[in-house]
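Report on one structure; see the data block that follows.
The values are calculated or read from the model by the stated rules, or taken from the named source; none is laboratory data. These numbers come from a predicted model, not from an experiment. Cβ atoms come from the backbone with ideal geometry, glycine included; neighbour counts cover every protein chain shown.
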Amino acid sequence: MTIRLLLSFKSLFGTCSAMTFGLIGCTSSNQAVDPNPQAATPTPSEIANPVVPGYSGIRVDGSSTVFPITDRMAKEYRKEKGGQAGAIDVKFSGTGGGFRKFCAGETDINNASRPILKEEIEACGKAGVRFYELPIAFDALTLAVNPQNTWAKDITVAELRKIWEPAAQGRITNWKQVRDSYPDLPLKLYGAGKDSGTFDYFNEVTTGKPKESRTDYTASENDNELVAGVSKDPNALGYFGLSYYEAKQNELKALAVQYKAGESAILPSRETVEKAQYRPFSRPLFIYVNITAAQRKPELQAFVSYYLKNAKRLVTTVGYIPLPDEGYHLTNLHFYQGKVGTVFEGVPQPDLTIAELLRKQAVF
């Protein structure tokens, strides 16, 4: 019996047997699971003329949010394997910038702070790049101000929309315009650059469209630059991943977020993410792996196997929220059974809880 990998993709790409873009495929639901997955090799069917990175070693790019996880993973892997680890080059250019390289066959792995988008799916498909989508942790996108800010303790999603929508450009420039009780002081904004998955996710939540935002703010795909800006600017408001906040929390102040009118404002933390209380800024983090590269490069296969085995232990050391055991079990099954493509609709999927991610993984 075959499994349709993504029912909602039927309208985009046809049924799971249609391989127009080389991304939507089927696997056997009764496929045996290798009792020793470290020795297994994913074996989805080959496609004609796949794009295969033509270099030795492993190249990783993409999200600056996921970068600390993969960078730590690579360092631990090198420490354990020594010379057998081979070359592992981990960089970041933002989720979107990374997907452009990944879909062109320039990298083996793309770190992503949001699911792959429709246009990226199409770009990968046209180039013959098929991929594994592997959730590895959860994050809490954090709204932060300077510690000298004594007036703001919380903020609503409606206020964030008012601040960040395109119509706010050049118009909402003062803290008092955000809330009447706030002082008459300039509002200085710091946020993700347009190549960042955080940019897409934040805008999807606030403005309703991943690419629509005001542009008159300090933007960067490097979260460290945003943290530095907010920590030095008493009038700042910025957003970035929880781990970047926790690493500098003596220089920053996190704001509690009120999702809907009448609800309590909630601060970001591992506990509030796990309990599905910190909404809508909880989000899954991923690595996307080039399937053909994983089949043909033993060093990549070995590194991804190590990554999945150690993700739960290592993500906490760099400030992220691990998935439940079930989540890592499903991710491992998807990799070793050769589950191809995405379980998302090609959009950032805001307000996704850990439980909802597990349900999506379970039907993959």
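Go through the residues of the stretch 270-287 one by one and say whether even a single one is surrounded by fewer than 22 Cβ atoms within 10 Å (Cβ to Cβ), without any contact (Cβ under 8 Å) to a residue 40 or more places away in the chain, over 23 Å from A144 (Cβ atoms) and not β-branched (V, I, T). Step through it out loud before you land on a result.
Let us first name the residues in the stretch 270-287 that are surrounded by fewer than 22 Cβ atoms within 10 Å (Cβ to Cβ), namely 270-272, 274-277, 279-280.
After this cut, where a residue has to be without any contact (Cβ under 8 Å) to a residue 40 or more places away in the chain as well, the list is 271, 275, 277.
Now restrict to residues that are over 23 Å from A144 (Cβ atoms): none.
Taking every residue of the stretch 270-287 in turn, none turns out to be surrounded by fewer than 22 Cβ atoms within 10 Å (Cβ to Cβ), without any contact (Cβ under 8 Å) to a residue 40 or more places away in the chain, over 23 Å from A144 (Cβ atoms) and not β-branched (V, I, T).
Surrounded by fewer than 17 Cβ atoms within 10 Å (Cβ to Cβ), assigned to a strand (DSSP E or B) and either under 23 Å from the mean Cα position of the chain (by Cα) or among the basic types (K, R) (or both): is that true of D89 in this structure?
yes
Of all the residues that make up the stretch 101-126, how many are in a helix (DSSP H, G or I) and either buried (at least 19 other Cβ atoms within 10 Å of the Cβ) or among the acidic types (D, E) (or both)?
If we filter the stretch 101-126 for residues that are in a helix (DSSP H, G or I), which is where we start, we get 101-103, 118-126.
From what is left, the residues that are either buried (at least 19 other Cβ atoms within 10 Å of the Cβ) or among the acidic types (D, E) (or both) are 102-103, 119-122, 124-125.
Matching residues across the stretch 101-126 total 8.
For the list (1) closer than 30 Å to K101 by Cβ; (2) among the charged types (D, E, K, R); (3) in contact (Cβ under 8 Å) with a residue 12 or more places away in the chain, I need the number of the one condition that K253 fails.
(1)
Being more than 21 Å from Y278 (Cβ to Cβ), of a type in the set (G, A, S) and modelled with pLDDT under 95 is the requirement here; does G319 meet it?
Taking the combined requirement at face value, the residue does not satisfy it.
Are there any pairs, at least 6 apart or on different chains, whose C-beta atoms fall under 6 Å, with the first in the stretch 309-329 and not assigned by TED's automatic domain parsing to the domain that holds Y244 and part of a helix (DSSP H, G or I) and the second crowded, with 16+ Cβ neighbours inside 10 Å and of a type in the set (K, R), and if so, which?
L314/R72; V318/R72; Y328/K312
Taking the condition of being under 23 Å from C124 (Cβ atoms) and in contact with a strand residue (DSSP E or B) (Cβ under 8 Å, 6 or more places away or on another chain), how many residues in the stretch 305-337 meet it?
Count: 5.
Residues that are over 30 Å from A311 (Cα atoms) and at pLDDT 95 or above, at least 3 per element: which helices (runs of 4 or more DSSP H) completely within the stretch 131-208 meet that?
It comes to 157-164, 175-178.
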